[in-house]
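As structure tokens, the structure follows; a few thoughts come after it.
The values are calculated or read from the model by the stated rules, or taken from the named source; none is laboratory data. If you're wondering where the values come from, they're calculated on a predicted model, not measured in any experiment. We place every Cβ from the backbone using ideal geometry, glycine too, and count neighbours over all the protein chains shown. The area values use the complete protein model at the heavy-atom level, side chains included, leaving out ligands, DNA and RNA. Shrake-Rupley method; radii C 1.70, N 1.55, O 1.52, S 1.80 Å.
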Amino acid sequence: MKPVFGTIRPVVVYPSSGTGAWEAALVNTLSPGDRVLAFETGHFATLWRDLAGNLGLDVNFVPGDWRHGVDPVVLAESLAADPSVKAVCVVHNETSTGVTSRIAEIRRAIDETGHPALLLVDAVSSLGSVDYRHDEWGVDVTVSCSQKGLLLPPGLGFNAVSEKALRAAESARLPRSYWDWRPILEANERGYFPYTPPTNLLYGLRESLAVLDEEGLANVFARHRRHGEATRAAVRAWGLEVLSLDEREHSPVLTAVLVPAEHDADKIRALILDRFNMSLGTGLGRLAGRVFRIGHLGHFNDLSLAGTLAGVQMGLALAGLSVDRGGIDAALSVLETT
Ligand code: PLP
């Protein structure tokens with residue numbers, strides 16, 4: 001897992017979903033009442049904020065429009081105004097919106113303020129699909145799990161941990177037992193887990209790492225970027241709007257598509273599921289009914305994307321939207337020429 005996270009340090013593996021790995025990042029590094037800075041980039045950032053609040057942390061949640069990632073300038077201003085912040089939480093790829101935050105720029109913004117806060121990053125839907133560099137970007141804890149770019153069923157949670165985060169774990173006072181990094185790292189050194197390991201998924205992980213290695217991570221990232229570009233070309237040619245607004249932040253792993261106000265995105269999804277047996281992502285939280293999400297991550301190729309977009313185009317037409325049928329052509333020409 002080290003090359004996938006871009007770290008030379010050990011990666012903690014839990015039998016858990018991503019939510020468990022979120023909790024682990026917080027309880028290992030923080031104490032009751034600690035101030036945390038987080039950003040409302042979408043549904044998952046909001047859930048992570050809620051979880052932090054439930055643990056007794058004091059979260060400053062900077063409002064957002066769910067169409068942009070974390071703004072490094074706003075982050076720097078918020079940190080400068082609040083020296084008590086102990087950790088900054090950022091969701092790298094917001095799975096609810098298809099917007100990716102720029103972690104390297106965020107790191108630079110933190111460094112320029114000279115603020116000592118830890119940087120905790122959720123890479124649940126970016127790891128293994130989008131370029132990610134835990135060590136180089138100075139991330140203190142990277143949270144991820146098995147069921148997205150790692151091509152596996154749900155059930156493995158991960159924390160990649162910096163030296164600074166391990167030091168913070170020595171004085172952190174939030175209650176922790178199952179999530180405690182220290183007994184896990186200690187047992188791992190001897191080839192063991194402190195409790196029953198998810199053996200079946202570890203065998204699966206070995207295989208998915210071999211699959212990623214065979215294609216080459218750089219090629220995997222390029223494939224996701226192309227599929228994102230082709231999908232956005234289709235959406236725009238259909239005359240619809242991509243939810244993500246900043247060219248630098250479009251997600252390579254999924255595209256959220258806004259439907260015109262007079263249509264219900266969930267009815268379009270239901271029609272496509274019924275007619276073509278294809279499941280699109282629903283609009284989450286405040287985007288319910290307003291967007292559908294086209295996933296193009298993981299075990300996916302040019303023809304699976306072409307088929308997906310064909311299903312969406314037919315579904316949109318059947319749902320009564322007047323879409324330009326040039327959408328598929330626009331996507332195919334991106335695939336042909338890149
Ligand atoms: N973070 C992000 C960005 C996610 O997309 C998800 C789930 O989709 C989670 C966290 C929560 O992970 P899980 O549902 O595995 O607990």
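A few remarks follow.
- Principal-axis tilt of helix 217-238 within the chain, Cα atoms, nearest 10 degrees: 40 degrees
- When the Cα positions of A109, A25, G69 are compared along the charge dipole of the range 2-212, A25 comes out farthest toward the positive end, with charges on each C-beta of Lys, Arg, Asp and Glu.
- Using distinct alpha-carbon pairs, which all enter the 1/r mean, Kirkwood radius of the range 62-184 in Å: 15.5 Å
- Cα-based convex hull volume of the range 111-259 per residue, rounded to whole Å³: 167 Å³
- Placing +1 on each Lys and Arg Cβ and -1 on each Asp and Glu Cβ, with no other charges, gives the range 217-337 a dipole about its Cα centre of roughly 220 debye.
- Here the range 223-319 yields Rg over Rh of 0.93, to two decimals, using C-alpha coordinates and the Kirkwood radius.
- For the pair the range 117-137 and the range 1-75, the centres of their Cα atoms are 11 angstrom apart.
- Projected area, mean over directions - the range 2-212, Cα convex hull, nm²: 10.6 nm²
- Heavy atoms of E23 accessible to a 1.4 Å probe, total area in Å² rounded to 10: 60 Å²
- Stretching the chain fully between T282 and D135 yields a gain of 49.5 nm (0.36 nm per residue, less the alpha carbon separation).
- Residue-span extension gain [E336 to T113] - 0.36 nm each, minus C-alpha spacing: 75.8 nm
- Between helix 18-27 and the chain: long-axis angle, C-alpha atoms, 0 to 90°, nearest 10: 30 degrees
- Among beta bridges from DSSP that stay inside the range 2-212, the antiparallel ones total about 40%.
- Net charge dipole, the chain: roughly 460 debye, given to the nearest 20, about the Cα centre with Cβ charges of +1 for Lys and Arg and -1 for Asp and Glu.
- Estimated distance in nm for a label pair at S84 and A310, the labels positioned 7 Å out from Cα along Cα-to-Cβ: 6.0 nm
- If R0 is taken as 35 Å, the Cβ-Cβ distance between D246 and A210 corresponds to a FRET efficiency of 0.50.
- Rg/Rh for the range 185-260, where both radii come from Cα atoms and Rh is the Kirkwood radius: 1.23
- Mean-square fluctuations from a GNM of the chain, with a 10 angstrom spring cutoff on Cα atoms, peak among A310, A261, A21 at A261.
- Surface calculation, 1.4 Å probe, protein heavy atoms: Y203 sits at approximately 140 Å² accessible.
- Separation of alpha-carbon centers, the range 246-296 and the range 302-322, rounded to whole Å: 12 Å
- With Cα atoms, 0 to 90° folded angle of helix 199-215 axis to the chain main axis: 60 degrees
- Dimensionless Rg ratio for the range 285-335, taking C-alpha atoms and the 2.2 N^0.38 Å reference: 1.26
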